Amino acid sequence: MTLLKWIAFALLALAIAAALAGQLGLLGGSMPGDLGVKDGRLKPPSTTPNSVSSQAGLYPDHPMRAYAEIPPLPLQGDGPATLARLRQLLQAMPGVKIVQDNGDGYLYAQCTTRWMKFVDDLELWVDPVNQVVQVRSASRVGRKDFGVNRERVEGLRAGLAREGGRP
């Protein structure tokens, strides 16, 4: 019985330490330096199952291509109107901070989880050639995201579809 108590105590201490590390911002990771649009492409998906990208198909030999594939977001009107609606949707989401939105068709946001303070990087880019919003959402730390990035992008898709994209 004593061994079980020690194991339970150790697990509780580990959980408390992890929660404290999260609250102190030690689990947020650092911002990637290679975000943005380069040659009509967003950064490739992560090499582990913790990201989604509407441009994953551009990287056919990528080990996580199939996992990361997600359709781009449709335009609702023109590019600026769609990004304005996406901005509204993001501002209504808890833990989302818009970091870059220069009005040039590219929006970058950081999405922070409530308890552990994990940070995901979300990029949205109005692709003028394909007339869609290309998207990439990726966790900074950890090997898996448990579907959080896909859920976030699908939430944005649903928000755009609601009432034809009107707030």
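Any read-out appearing in this document is the output of simple, stated calculations on the displayed coordinates, not a laboratory observation. Values in this document were obtained by computation on a predicted structure and should not be read as measured data. A quick note on method: Cβ atoms are made from the backbone with ideal geometry, for glycine too, and the neighbour counts reach across all protein chains shown.
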Taking the 0 to 90 degree range and rounding to the nearest ten, how far is the long axis of helix 2-23 tilted relative to the main principal axis of the chain, both from C-alpha atoms?
30 degrees
State, in angstrom, two size descriptors of the stretch 30-165 derived from its alpha carbons: Rg to one decimal place and Dmax to the nearest whole number.
13.8, 40
I want to make sure I understand the PRE zone here: with the label point 7 angstrom from the Cα of ARG162 toward its beta carbon, which residues in the stretch 101-129 have backbone N atoms less than 17 Å away?
none
For VAL132, list long-range residues whose amide hydrogen, built 1.01 Å from N in the peptide plane, is under 5 Å from its own amide hydrogen.
ASP127
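Using unit Cβ charges (K, R positive; D, E negative) and no other charged atoms, how large, in debye to the nearest 20, is the dipole of the stretch 30-165 about its Cα centre?
Details: 17 positive and 15 negative charges, 96 e Å.
It comes to approximately 460 debye.
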For the chain, find the longest principal axis of its Cα atoms and tell me its angle to the long axis of helix 148-161, 0 to 90°, nearest 10.
40 degrees
With 10 angstrom as the radius, rank SER137, SER53, SER30, SER46 by how many other C-beta atoms surround their C-beta, starting from the fewest.
SER30, SER46, SER137, SER53
Per residue of the stretch 78-91, in order, report the coupling 6.51 cos²θ - 1.76 cosθ + 1.60 (Karplus, θ = phi - 60°) as ³J(HN,Hα) in whole Hz, putting x for Gly and Pro.
9, x, x, 5, 5, 5, 4, 5, 4, 4, 4, 4, 5, 5
The stretch 49-57 - phi-based ³J(HN,Hα) in whole Hz, Karplus 6.51/-1.76/1.60, Gly and Pro as x:
x, 9, 8, 10, 8, 6, 10, 4, x
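Excluding the sites themselves, what is the longest stretch of the chain that contains no trypsin sites (Lys or Arg not before Pro) in a DSSP loop with at most 12 other C-beta atoms within 10 Å? Write out the running numbers ahead of the final one.
Values: sites that count: ARG114, ARG143, LYS144.
Formally, the longest exposed-site-free interval is 1-113.
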Partner aspartates and glutamates whose C-alpha sits under 14 Å from that of LYS97, ignoring same-chain residues fewer than 8 away, are ASP120, ASP121, GLU123
